[in-house]
Amino acid sequence: TMKKTVIFILMALSCMFFACNKHSINLFATNMTLHIGEERRISATSPAKITFSSADNSVATVNETGLVKAIGEGCTSITLSSDNESKEIIVRVIPDNSIAACQNQCLMTPTDNNTSIKTDFVSFD
């Protein structure tokens, strides 16, 4: 986690010094995989306040600071909004003590403009 923190700080500083778009959300990961009950904070910066929302609270919730909590198995998207911009991060939740390759998978496909990802949840039962 120290490496991630250093990368986050360096990216934030580079944004300040190299004139990032003043209204842009800088999202440092576009997906995450969590075990049920696990929590992880979304790494994102923006000059304006970012609001967070989950498309499916039965899979994962997110609070006002971007802390994601895995609730139940499946896939959902977390939307980050700031001013007139929004970005998404895909969250995949797998059972406790499970390996990443499980029966259910998230199929993630970039949209035409590569700014968001279409997500389908597929069961192989």
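Out of segment 48-61, which residues are within 26 Å of S24 (Cβ to Cβ) and open to solvent by less than 30 Å² (accessible area, probe 1.4 Å)? Reasoning before the result, please.
Taking segment 48-61 as the starting set, the residues that turn out to be within 26 Å of S24 (Cβ to Cβ) are 48-55, 60-61.
A48, I50, S54, A60 - these are the residues of segment 48-61 that are within 26 Å of S24 (Cβ to Cβ) and open to solvent by less than 30 Å² (accessible area, probe 1.4 Å).
So the check is Cβ under 6 Å with 6+ separation or different chains; which pairs have a first residue in segment 48-62 that's at positive phi and modelled with pLDDT of 95 or more and a second one that's surrounded by 14 or more Cβ atoms within 10 Å (Cβ to Cβ) and of a type in the set (S, T, N, Q)?
That search, which allows pairs on different chains as well, returns nothing.
Applying the selection to segment 65-113, what residues are under 16 Å from F28 (Cβ atoms), open to solvent by 50 Å² or more (accessible area, probe 1.4 Å) and either at pLDDT below 50 or in contact with a Lys or Arg (Cβ under 9 Å, 6 or more places away or on another chain) (or both)?
If the condition is that a residue be under 16 Å from F28 (Cβ atoms), open to solvent by 50 Å² or more (accessible area, probe 1.4 Å) and either at pLDDT below 50 or in contact with a Lys or Arg (Cβ under 9 Å, 6 or more places away or on another chain) (or both), then T65 is the only one that fits.
Take the residues in segment 33-47 that are in contact with a Phe, Trp or Tyr (Cβ under 9 Å, 6 or more places away or on another chain) and either of a type in the set (V, I, T) or at pLDDT 95 or above (or both), then tell me which one is most open to solvent (accessible area, probe 1.4 Å). Break it down into steps so the answer makes sense when it comes.
Let us first name the residues in segment 33-47 that are in contact with a Phe, Trp or Tyr (Cβ under 9 Å, 6 or more places away or on another chain), namely 42-45.
Subset that is either of a type in the set (V, I, T) or at pLDDT 95 or above (or both): 42, 45.
Values: I42: 13, T45: 31 Å².
Out of the qualifying residues, it is T45.
I'd like to verify a number: residues in segment 69-80 that are within 16 Å of P95 (Cα to Cα) and touching a Phe, Trp or Tyr at 6+ places or on another chain (Cβ under 9 Å), how many? Let's see the steps before the verdict.
Initial filter on segment 69-80 (within 16 Å of P95 (Cα to Cα)): 69-76.
Adding the requirement that they be touching a Phe, Trp or Tyr at 6+ places or on another chain (Cβ under 9 Å) leaves 74-76.
Looking only at that region, the number is 3.
The values are calculated or read from the model by the stated rules, or taken from the named source; none is laboratory data. Values in this document were obtained by computation on a predicted structure and should not be read as measured data. Methodologically, a virtual Cβ is constructed for each residue, glycine included, from the backbone with ideal geometry; neighbour enumeration extends over all protein chains shown. Heads up: the accessible areas ignore ligands, DNA and RNA and are worked out on the full protein's heavy atoms, side chains in. Shrake-Rupley method; radii C 1.70, N 1.55, O 1.52, S 1.80 Å.
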